[in-house]
Amino acid sequence: MEPQHGNSEPATEEYAQDVQPGQEGQYEEYAQPAEGDPYAQPVEGQQQYEEEIFIAPPTAEYATEEQPAAEAATEYAQPEELAAYEAPAEEYVPEPEPVPEEPVVEKHPSLKYPAGLAEKGDTKPDIRIEDEDMRLWDEILQDAEFTQCADLHIKEDHPIHFRMSRGLRDRAFPIPTRRWIEKIIFHMCPEVFVEDFKKDREVDFSYYNPKFGRYRVNVFSQVGKWAMAIRYIKSNLPSIEKLGINPICLKLAEADRGITLLAGITGSGKSTTMAAMVLHLNRNFRKHIVTIEDPVEMVFVDQECVIEQREVGLDTLSFQRALKSALRQDPDMVLVGEMRDAISIGAAMRAADTGAMVLSTVHTRTAASVPGRLLDFFPPEEREMQRKKYAEVIVGAIAQRMCPKIGGGMIPAQEIMIGSPLVRQKIFDGELNKLPACIDASLDDGMISFNRCMYNLVNDGIITKETAYEKCTNKQQLEMWFQGIQISSGIV
């Protein structure tokens, strides 16, 4: 029986030439592709297999000592791959020289928020408020808190403005109508002020909202229409370090008796510094503190101290009556919101003379000018007596000017005059013009002038030189200091 090897036909002509009679099936196994061979084809499998064996990628594995790797790679490369090796290098194109940037001009802080409506923040009014007028008021206060607004300016038939980072910005709220603004005014105004407000057409009061905090409100009439200026009163002050207040201020607040006055223009941070001084006492000393304010701003919670806060018009009729009553209330400190007239100043100095510590504010620009400003309230025939009395009770005077910081935000620059024997003697003798020189010469005693404070803030990288020149008292002296020229003014 003949062996069965499948098809007796040879796979190719190449094998057919060598087949002898009687050996037809001996070479069939070589002609058939191996089972599972990926290169197997039915008829021309061997040829296809042989061609693909020698198609190698252009790598360096074919290199020999006689044939470098680059030649071995290109010899076996396909035409399109060879073309990639023979492509000429890209022509080098030098990069254009960088164009120098234009210097950034520092804009005034008030221009940070230019005029024009701004979209309000992502605030949602309280859905529990059914009255749509009050719902809008709720949304305005919520947006003010969301944007960290310092002041709100609202007037009839005009857009609502927020003061943010010393700049005014319109907000995308409905234009206040007379009906709406009157409703909001009478909602905020304490009942005891309503009749006076209707008669005088202006009123000051404090407003407390349980959700958003306390505000100082001034309502007035302009061109026959209502307007409001509302300032947010922070309930939680940051630390003394973040406020930038000189630690000497806290030492002045610790005095047992005497008078310390804070000076500066409106918006210079006097109220914030006073609040920080009271908070320092409240946390570290056992004292009885009475405040007389118009209106009450920051509300203090008793910690170590017992604190009573009286609002003029709501709790007392006037500063004078409240100061007179305070002397019978066993106070360790009396805080008076502002020295406004000779009667209140005289009462404050009497309180300081009887053993209480008095803390108050006065509108003047420097610490050295505080004594002269107080004397201006008195008639000429009383000034000498009051000057000598003030020389006996002065503890210190602090003047402030708010400066924009380089990284954003504001910091108070402070001038501090302490009631040292030298300062007391100059005030007693009436040599008030020599007080600036006393401050310059008493740096070791803790006193500091505006110029020295500005110089330190620039060297610490907190404010720019331009800001220092704008806010300082003596620009020529400050320029000399920056040039390394230190000249003492001396005491004449």
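The values are calculated or read from the model by the stated rules, or taken from the named source; none is laboratory data. Source: prediction; values computed, not measured. In this analysis, Cβ positions are derived from the backbone assuming ideal geometry, glycine residues included, and neighbour counts consider all displayed protein chains.
Would you check if E182 is touching a helix residue (DSSP H, G or I) at 6+ places or on another chain (Cβ under 7 Å), more than 25 Å from T272 (Cβ to Cβ) and of a type in the set (D, E, K, R)? So E182 fails the test. Return yes when D196 is outside any strand (DSSP E or B), of a type outside the set (F, W, Y), at pLDDT below 90 and within 22 Å of the chain's Cα centre (by Cα) and no when it is not. No: the conditions fail for D196. Looking across region 115-143, the residues that are touching a Phe, Trp or Tyr at 6+ places or on another chain (Cβ under 6 Å) and either at pLDDT below 90 or closer than 23 Å to G408 by Cα (or both) come down to G121, T123.
For (1) at pLDDT 90 or above; (2) crowded, with 17+ Cβ neighbours inside 10 Å, each residue gets a yes or a no:
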position: V223; (1), (2): yes, no
position: K242; (1), (2): no, no
position: P247; (1), (2): yes, no
position: T260; (1), (2): yes, yes
position: G264; (1), (2): yes, yes
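This table checks each residue for (1) crowded, with 20+ Cβ neighbours inside 10 Å; (2) without any contact (Cβ under 8 Å) to a residue 40 or more places away in the chain.
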site: G407; (1), (2): no, yes
site: M410; (1), (2): no, no
site: N433; (1), (2): no, yes
site: D445; (1), (2): no, yes
site: I448; (1), (2): yes, no
site: E470; (1), (2): no, yes
site: F482; (1), (2): no, yes
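Among the numbered conditions (1) at pLDDT 90 or above; (2) more than 20 Å from M277 (Cβ to Cβ), the only one that G396 does not meet is (2). Pairs meeting the criteria (first residue in region 182-210 and within 22 Å of R310 (Cβ to Cβ), second residue of a type in the set (G, A, S) and in a strand (DSSP E or B), beta carbons under 9 Å, at least 6 apart or on different chains) are P190/S206; E202/S221. With under 30 Å from C149 (Cα atoms) and assigned by TED's automatic domain parsing to the domain that holds A351 as the only criterion, which of K426, K465 stands out? Of the residues listed, the single one that is under 30 Å from C149 (Cα atoms) and assigned by TED's automatic domain parsing to the domain that holds A351 is K465. Examine region 451-461 for a residue that is outside any helix (DSSP H, G or I) and either touching a residue at least 60 places away in the same chain (Cβ under 8 Å) or closer than 30 Å to P380 by Cα (or both), and state whether such a residue exists. No - not one qualifying residue is present in region 451-461.
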